[in-house]
Amino acid sequence: MRGLATLLRKYWALSFVFLAAATWYVTLTVANIPSVDTLSKYHLSQLQAHLLLLTIAVPYVLIWMVGLIGFLKLHVYTKFLKAGKDARGFKTLMAGVFMLTVWLPFSTLLSTTSANYYAHHAAATAWLVRFDNYANIVFLLVAFYLVHLGSTRLLAITRVKRGGMSHRQTALYVIFAALYVFVVFNDSVRQVAATDTTTATYYLSDWWILLTIVIPRLYMWFLGFSAAANMILYRQEVKGAIYRDALRLLALGITGIVGTTVLLRIVQSLSTTLNELSLTLLLLLLYLLLTIIAGGYVLLAKGAERLRKIEES
Amino acid sequence: MAHTTIYQRVLEISEDYLGPAAPRFLERLATNHLGKPATRLTHTDLPELVVWIKLAVTVITEDQTLINGYMGRLEELADTQRVQPVAKRVKRKKQ
């Protein structure tokens, strides 16, 4: 615990930003009054709804902190690398992990703040929903591109000629992509909201959804899954039995973070469709994904610490 | 040239255990404990370097099989380097 406090103190500016984001998010959650429709749909009183939102907000905030610690440990490790063969790859990978870590509070705050705003300014709803969707796409596209680039650079120092997903994994991805496209275009509220108190998912025509939402998302998820496959391959093929052993946790962590961020984004983007599910099922799904992301960051932190031992001993 | 060869042979063995971290690892040990850059290692530095490598590797991993394998190969290298000068002396005496 003492080591963590020292780490957070050392990188006080970033820690402060995360702490401010956490305070803002919890305040917005408490201040937000759920609509009468939502309360009656889930048979909740206002107090119960607030408490329920807090049970989501608090674990969310804790996961941001776990993510921050995981990223900082990776950052500390990459500072030891200087100009080694693996330095360029790890530094690019770290930049991507930084984007993924910042995306956690960014996406939550953006959606919560805009939801709070359009609850009182209905005319701004469509613009804010569009902005929320595009901001997330741009942010994650950069993050996955960097993680992919970093993993490709790492793989280049091994004997492996070609990285990325295997034929079987690509086939699975094609099935997943087809299902995703099917779900997006079967979303009855993708263009227009069902009632005055709810929102549409995109507020765009089908062509715009396909060209500016679906294709970029499928491309960035492809980059993310390919990066995860590259990391597993790098861990298997890189020279050095002790190094490989230390790398195991880090590779698993990055694979977990990338894979779950993709799944979390899918769940968030299909939230209107998933709203049909029962509240318990929705919450369970959300908690499960958040736990896996937190687990990914814990593995990343532990892996970076083990690799750092090689650089410090 | 001979100095470079010793470094390259130690590096070759170390890369099998420490991968891309091996050059940094050797450079750090040579600079901190032997007071010279790793590329200027000589056969006389090897016994001391092996001791430092063993100490450092024990901190990184608990896998005794790996540690013993790594140390075994380094000690073998140190032995072959020690034998050479003795063999040269015997040859000179005979002459």
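Table for the structure above
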| quantity | calculated |
| --- | --- |
| Ratio of the Cα radius of gyration of the range A:1-46 to 2.2 N^0.38 Å, where N counts its residues | 1.86 |
| 19 Å Cα-Cα threshold exceeded, pairs from A:K79/B:K36; A:K85/A:K239; A:K161/A:K239 | A:K79/B:K36 |
| Distance histogram in 5 Å bins (all Cα pairs of the range A:108-257, percent per bin) | 2, 9, 14, 16, 15, 12, 10, 8, 6, 4, 2, 1, 0 |
| Three principal axis lengths of the range A:131-201 [C-alpha, angstrom, descending] | 58, 26, 11 |
| Shape metrics for the range A:16-158, restricted to C-alpha atoms - Rg then Dmax, Å | 19.2, 60 |
| Three-way shape label, the range B:1-44, alpha-carbon gyration tensor, a/c 1.5 | oblate |
| Along each principal axis, Cα extent of chain A, largest first, Å | 61, 46, 30 |
| Phi-based couplings in Hz for the range A:50-64 (Karplus 6.51, -1.76, 1.60; Gly and Pro marked x) | 4, 5, 5, 5, 5, 5, 8, 5, 5, x, 4, 4, 4, 5, 4 |
| Cα-based shape type of the range A:82-174, given that a ≥ b ≥ c are square roots of the gyration tensor eigenvalues and the cut on a/c is 1.5 | oblate |
| Rounded Å value of the spacing that divides the Cα centres of the range A:213-236 and the range A:82-130 | 18 |
| At most 15 other Cβ within 10 Å, DSSP loop - GluC sites (Glu not before Pro), the range A:214-313 | A:E276 |
| Rg/Rh (Cα only; Kirkwood hydrodynamic radius) as it applies to the range A:206-313 | 1.11 |
| Listed residues A:M165, A:A228, A:L247: farthest to the positive end of the dipole of the range A:153-305 (Cβ charges) | A:L247 |
| Chain A: relative contact order as a whole-number percent, Cα under 8 Å and 6+ apart | 22 |
| Helix-only [θ]222 nm of chain A, DSSP H runs n ≥ 4, -39500 (n - 2.57) each, per residue, nearest 500 | -27500 deg cm²/dmol |
| Using θ = phi - 60° and Karplus 6.51 cos²θ - 1.76 cosθ + 1.60, couplings along the range A:226-236 (whole Hz; Gly, Pro as x) | 5, 4, 4, 5, 4, 5, 5, 5, 4, 4, 6 |
| Part-to-part distance (alpha-carbon centres) for the range B:17-44 and the range A:288-313, which is given in Å | 28 |
| Fluctuation leader among A:L264, A:L283, A:L141 - chain A, Gaussian network, Cα springs under 10 angstrom | A:L283 |
| In order through the range A:299-313: 3J(HN,Hα) via Karplus (6.51 cos²θ - 1.76 cosθ + 1.60), integer Hz, x for Gly, Pro | 4, 4, 4, 5, x, 5, 5, 5, 5, 5, 4, 4, 7, 9, 5 |
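Quick note: the coordinates plus some simple rules give every number you see, no bench work behind them. Keep in mind the model is a prediction, meaning the values are calculated, not measured. Methodologically, a virtual Cβ is constructed for each residue, glycine included, from the backbone with ideal geometry; neighbour enumeration extends over all protein chains shown.
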